[in-house]
Amino acid sequence: MKTETPVQSAYSTFVEQVNNAQVQRVTIGRDSRRDGKAERIDYILKPEFGPKLGRQRYTTRPVGSTDEVVNQLKRQGVQVTLAPEPLPAAGIAGLIISSGMLVGALALAAKFSRAGGVGTAASMGKSKARSYGKSKTGVIFADVAGVDEAKQELQEVVDFLANGDKYRQLGAKIPKGVLLVGPPGTGKTLLAKAIAGEAGVPFLSMAGSEFVEMFVGVGASRVRDLFNKAKRQAPCIVFIDELDAVGKTRGGNPTGGNDEREQTLNQLLTEMDGFSGNDGVIVIAATNRPETLDPALRRPGRFDRQVLVDRPDKSGRLEILQVHGRGVALGEDVNLADIAAQTAGFAGADLANLVNEAALMAARNNRQAVLMADFNEAIERVIAGLEKRSRVLTAAERQTVAYHEVGHALVGALMPGGNRVTKISIVPRGLGALGYTLQMPENDRYLMLEDELRGQLATLLGGRAAEEIVFGKVSTGASDDIQKATDLAEKAVTEYGMSVSLGPVAFAKANAQFLDGGSDRRTTSPEVATEIDRQVKLLLNNARSMAIEILRLNRGLLESATQALLETEVLDGAQLKAMLAQAQAPAELQTWLAGGYSVV
Ligand code: ADP
Ligand code: MG
Ligand code: ZN
C-alpha cells in the first residue's frame, strides 16, 4: 500500500469528515507548487474510516477561512500540525522564515493562531509526515544549537558518511547504529537531518509509530523496503524516529503482546545485522524512553552508540534563540540573553515555539517588529503550556536545587580520595534528576579507603544538609542521595568490616547480588541485627553532622556559589575549581575521617 500519493478530496468532503469525527491527523501547509502561497490541508482518517489496508493520505484545498474547522478538530483532540512546506533551508520551524516575506508570513501566522494556536514547533519535526522518502534535508549543524557535546560526537558520523573510503582503506569498522536519547523537542530529529545535510547524503526516514499502526506483516515489509532503498542509495542515513514505538522489550505482554510490533522489531534487527556500516548505511534512531527499549537493540553491531541530546543550559538557549530569531524582525529592545535567562527548562522546540508565539503576538498587535513585551507575553503562554506536561522548575524549586547541588560540591571539595567535583548543573536533566553534581575520580579506583568512604557519605548527604541549613527543612529531592548513602554505609558495616563494635565479620551473603529482593543478610541474632542498624545509623548521622558543619563554616561560599550557579546554571572548569578551593575544613575533619571522632 503506497501512502506517498495523497488522494485529492473536496473541501466540503473534508469538512464533513471532520464533523463526523472521522479525521485522525491533520497537517496544514502551504503548497510549494504555488510559491508557497496557497494553503493546503493534508490529512488521514481514523483507521476504521480509511481503506482496509495501509494508510491513505488525503489532501484538500481549503475554501475561505479554516478557523471553524480547526477549532472543531481541536475540540476533538485531533493533532493539527502546521507545516511550512517545503521546509525552509535553514530548518527554522514555524512560519516566520524568510525575512522578505515576513509581513505576509506574520499575517498568515496570526490567522492560524486565532484558529486556536494550532501546531507547535515540536510537531514541526513531523511535518513531512510521509512514511519514508529521500530528501536532501538542507539542514546543517549550524541550525542545531546548544547541544555542542552531541554535535561533537556526531561529527564523526558525518565523516564516516562523507569520507567512507578513508575508513574502508584502513580497514576500520564503521558503526552501524547511533541512538539519540533525550527529552522531546531537544533537536534529535533535527540533528539526524543535520548529519545528512553536513555529509550531503540522502536521508530516509520513518517514524516508529507508523510501523505499528499497520496491519500484520506490513510493518516488517516496510522495514525491508526501507533498508533495500537505503542500500541502493548508500551512502545514506536511515532515520527511525520514536524507536520506542517499535523497540519496546519483547514478550512483556502475557496476553501475546503486539505481534505486529514484534515482527517489525525482529525485521529491524535482522536488517541491521544484514549489512555492515562499511556499506555506507548508518542507522540513526531517536527515543525519549531508552529504558523501555529491547536490550537486543543495544547489542554490538546495532545501536551500540548512544548520544545524549539534553535540554540546553542558559548559553545554549541563547544560541537557539539566535538561530530562530534569524528570520524574525526583532525590535530594538529585544534582549535574547534576558529571554534565555527566563526560560530555564525549555527545550529547543519550546524556544522555537516561543519565538513563533512572540511573532504571532506582534502580528496581532499590528507591529512591524517583535518587541520584548511580545516575548514576555509569549513566555508566560509557553510556560503555562509546559507546566502542564513537564518539568519547568519554579523559581523556588530552582533555588532549592541550586543550594542542594552546591552543598554536594562544597562538602566533596574537602574530602579525601581525589573524587573531585568537576561540574554542577541545575539544568533539569531529561532522564531523571533535577540537577546534578558530577564527581570524577582522578584515577581509576578499585579500592576505597575508610576515610574516603566516610568522605563519600558526607558528600552524598551534603545536598540535603545544604537544604537543611538554608531553609530549615528538606525537600524530597534528596531521596536518591539517601538511598546511595544508606547502601554504602550498610556495605561498610556488613561487608567491609569497618565498624569497631562488630568487627571484620561479613554479614552480607556473598551471593546476595543474585537474589532479587528478600533479605540479603546472613541470619544473625536479633542483638547483632540491632547493632548493625545502630552502626549504619551512626555512620550516616555522623556524616550528616559533618556535612552540616562544613556548610555552616562555609556559609558565605555556599551563598556566593549558589548565586553563581543560579546565574549560569552550570559551573565547571576553572571557575568551579577556584570557588571550591576556598572551602575551609573544620578542625575536627581529619579526626572524624579517621574514624576516631564522633560529631553526633
Ligand atoms: P526531537 O526530535 O528531539 O523531539 P526536534 O528535532 O523534532 O526534536 O525539534 C523540533 C523543532 O524544534 C526543530 O525542528 C527546531 O525547530 C526546534 N529545535 C529543537 N531543538 C533545537 C536546537 N537544539 N537548536 C535549534 N532548534 C531546535
Ligand atoms: Mg523528533
Ligand atoms: Zn543530591
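Overview of values
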read-out	value
Residue selected from the stretch 319-348 under the condition of a type in the set (D, E, K, R) and outside any helix (DSSP H, G or I), by the criterion farthest from GLU377 (Cα to Cα)	ARG326
Selected residue [at pLDDT 80 or above, of a type outside the set (Phe, Trp, Tyr) and either out of contact with any strand residue (DSSP E or B) (no Cβ under 9 Å at 6 or more places or on another chain) or crowded, with 19+ Cβ neighbours inside 10 Å (or both)] from VAL427, VAL392, VAL370, VAL421	VAL370
Pair list, Cβ under 6 Å, 6 or more apart: the stretch 285-302 residue under 12 Å from LYS176 (Cα atoms), other residue β-branched (Val, Ile, Thr)	ALA285/ILE240
Residues that are of a type in the set (Val, Ile, Thr) and more than 21 Å from LYS166 (Cβ to Cβ), drawn from the stretch 284-311	THR287, THR292, VAL307, VAL309
Scope the stretch 155-180; condition in contact with a strand residue (DSSP E or B) (Cβ under 7 Å, 6 or more places away or on another chain) and either of a type in the set (Lys, Arg) or more than 12 Å from ligand 2 (Cβ to nearest atom) (or both); matching residues	VAL157, PHE160, LEU161, PRO175, LYS176, GLY177, VAL178, LEU179
Residue check for PRO202: modelled with pLDDT under 90 and in contact with a helix residue (DSSP H, G or I) (Cβ under 9 Å, 6 or more places away or on another chain)	no
Single residue of the stretch 585-597 satisfying the filter (surrounded by 13 or more Cβ atoms within 10 Å (Cβ to Cβ) and in a loop (DSSP other than H, G, I, E, B)) that is modelled with the lowest pLDDT	TYR597
Residues of the stretch 561-583 classified as surrounded by 14 or more Cβ atoms within 10 Å (Cβ to Cβ) and not hydrophobic (A, V, I, L, M, F, W, C), total	5
Positions within the stretch 448-477 being in contact with an Asp or Glu (Cβ under 8 Å, 6 or more places away or on another chain) and either under 14 Å from ASN542 (Cβ atoms) or within 16 Å of ligand 1 (Cβ to nearest atom) (or both), in sequence order	LEU460, LEU461
Count of the stretch 469-524 residues which are outside any helix (DSSP H, G or I) and modelled with pLDDT under 75	26
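The values are calculated or read from the model by the stated rules, or taken from the named source; none is laboratory data. These numbers were taken from a predicted model, which means no experiment stands behind them. With ideal geometry, Cβ positions are generated from the backbone for all residues, glycine too; neighbour counts draw on all protein chains shown.
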